[in-house]
Each structure stands twice: as C-alpha cells, then as structure tokens.
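The values are calculated or read from the model by the stated rules, or taken from the named source; none is laboratory data. Everything quoted here is computed from the prediction, not taken from an experiment. Positions of Cβ are backbone-derived with ideal geometry, glycine not excepted, and every protein chain shown enters the neighbour counts.
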Amino acid sequence: MKLVLLGPPGAGKGTQASLIEKEYDIPHISTGDMLREAVKQGTELGRRAESYMTKGELVPDQVVIGIVSECLRQPEYEKGFMLDGFPRTVAQAEALDKALSENGDCLDAVMSFEVPDEELVRRLSARRVCGSCGVTYGATDSKTCGKCEGELITRADDQTEAIERRLEVYRAQTAPLIDYYDRAGVLVRIPATGSVEQIFGLVKEKLKGLEDG
Ligand code: AMP
C-alpha cells in the first residue's frame with residue numbers, strides 16, 4: 001500500500017504512522033525525522049536545512065524532493081510505503097506523482113488528519129521529545145525518556161513563534177494539497193481530535209475500506 005499522511009503540525013501524523021507501521025508492516029518515511037537526523041549528524045544536508053527548520057519555514061522543494069526520490073528508489077519501498085510530512089507543497093506532490101508514474105504506480109490513499117488550530121497549538125506547546133532516541137511525548141511531567149532515560153526537551157520548532165509560523169506555512173503551502181488529492185480521488189478525511197486509540201480506530205476502518213476496495 002502506498003500512503004501519504006497529510007495534516008498540520010501537531011495533527012498526530014507521526015504517532016499514527018508508528019501505529020500503522022507496527023500493525024500493517026508498511027515502512028514509514030518521515031522527512032522531518034530524516035532532516036532532524038541530518039542536523040544532529042552535522043551533514044551538508046543538515047547544515048542547509050537547520051535554519052529553515054528552526055524558524056518553522058519549509059526546507060526548499062528541490063532539497064526535499066531530492067531526498068525523497070532517492071529514498072523511494074530503495075528496494076524496501078517497492079511494495080509500499082507511508083510518507084509522513086511529504087509532500088508539503090504542490091510542487092512536491094507533482095514530483096511525487098511523476099516519480100511514481102514513471103514506474104506505472106500511483107498513491108492508494110492520502111489520509112488527511114483534521115484538527116482545529118487551538119488544539120494544534122495546545123498539543124505542540126506541550127510536546128516533548130527525547131534528545132537521545134527522538135521518541136515523542138505529548139503532555140508529560142517527566143524529565144526523562146521512558147525508553148532510554150535520555151533527557152526530554154522541547155523541539156526548537158515547537159517554541160511559540162515557530163509554532164505560529166509553521167501553522168501559517170501549513171495553511172498557505174500545504175493545505176492546498178487537500179483539494180489537489182480530493183480532485184485526484186484519493187483523499188480520505190480523518191477527524192483527528194479524539195484519543196490516539198480512537199483516531200487509530202478510524203484509520204483502521206479507512207484502511208480496511210481501501211483493502212476491501
Ligand atoms: P515535521 O517533523 O514533519 O513537522 O518537520 C519538521 C520540519 O522539517 C518542518 O517544519 C520543515 O522545516 C522541515 N520539513 C519536513 N518535511 C518537509 C517537506 N516535505 N518540505 C519542506 N520542509 C520539510
């Protein structure tokens with residue numbers, strides 16, 4: 001199955017992607033995780049991406065399209081994949097369509113996670129990540145990671161100003177993809193305001209609908 005998870009920052013795409021990966025064995029590709037890893041490793045890509053990411057801006061299309069195209073050429077993604085955080089612009093969506101159609105492929109579904117803005121700001125402000133292993137936590141009083149005991153930190157782009165900017169960027173550049181994929185007939189809307197388990201229940205229903213055709 002070839003899936004895209006679409007939605008504003010804080011919609012829970014990463015959390016649902018991990019659950020989908022476990023239950024359905026569909027490999028998860030997160031451009032945000034790849035870019036954060038590149039920043040952490042101090043690679044050339046990381047150096048180019050860091051200032052955009054800290055400000056809540058998008059990394060330029062040609063950079064991100066390059067990483068994803070390279071990634072999708074790996075044999076492990078031939079049977080299926082789930083893209084999380086890509087595409088984020090119409091140019092990226094067109095590049096993805098082109099890369100897939102060159103192999104006679106297309107997307108099976110684009111899941112659009114829908115959450116009101118106030119809830120997104122609340123979730124992003126409360127979010128903490130482990131500085132060592134990168135696991136994400138919602139609101140937590142703990143200062144250390146339950147998995148590896150690393151220190152829990154606030155992501156640079158979860159600071160208040162960057163949150164506002166990321167939501168603006170989402171509305172201006174990414175939200176048009178909802179229409180783009182609706183017109184392509186692959187959009188699946190997920191109201192994503194309940195608990196993680198409730199939202200995953202909806203995701204499973206929709207995936208079953210797709211499998212049953
Ligand atoms: P995320 O973890 O998906 O929220 O991504 C974190 C940051 O990485 C974003 O705010 C962007 O700066 C950058 N980023 C991730 N994916 C993309 C993309 N598809 N296009 C441009 N920038 C991206």
Take the conditions farther than 19 Å from Thr31 by Cβ, in contact with a helix residue (DSSP H, G or I) (Cβ under 9 Å, 6 or more places away or on another chain) and modelled with pLDDT under 90 and apply them to Thr160. Does it pass? yes
When you scan the stretch 50-60, how many residues do you find that are over 13 Å from Ala162 (Cβ atoms) and near the ligand (Cβ under 7 Å from one of its atoms)? 1
Within the stretch 34-47, residues more than 15 Å from Ala156 (Cβ to Cβ) and within 12 Å of the ligand (Cβ to nearest atom) come out as Met34, Leu45
Return yes when Leu35 is assigned to a helix (DSSP H, G or I), under 15 Å from the mean Cα position of the chain (by Cα) and at pLDDT 95 or above and no when it is not. yes
Report, by residue number, each residue of the stretch 148-164 that is surrounded by 15 or more Cβ atoms within 10 Å (Cβ to Cβ) and in contact with a Gly (Cβ under 8 Å, 6 or more places away or on another chain). Gly150, Leu152, Asp157, Ala162, Ile163
Restricting attention to the stretch 1-32, which residues are part of a helix (DSSP H, G or I), near the ligand (Cβ under 10 Å from one of its atoms) and free of Cβ contacts under 8 Å to residues at least 60 places away in the same chain? Thr31, Gly32
Could you check Glu114 against (1) more than 9 Å from the ligand (Cβ to nearest atom); (2) farther than 21 Å from Arg171 by Cα and say which number it fails? (2)
Every residue in the stretch 76-103 that is acidic (Asp, Glu), within 15 Å of the ligand (Cβ to nearest atom) and part of a helix (DSSP H, G or I), please. Glu94, Asp97
Looking at (1) within 16 Å of the ligand (Cβ to nearest atom); (2) in contact with a helix residue (DSSP H, G or I) (Cβ under 9 Å, 6 or more places away or on another chain), find the lone condition where Val188 falls short. (1)
Restricting the search to the stretch 54-67, which residues are outside any loop (DSSP other than H, G, I, E, B) and either at pLDDT below 95 or surrounded by fewer than 20 Cβ atoms within 10 Å (Cβ to Cβ) (or both)? Thr54, Lys55, Asp61, Gln62, Val63, Gly66, Ile67
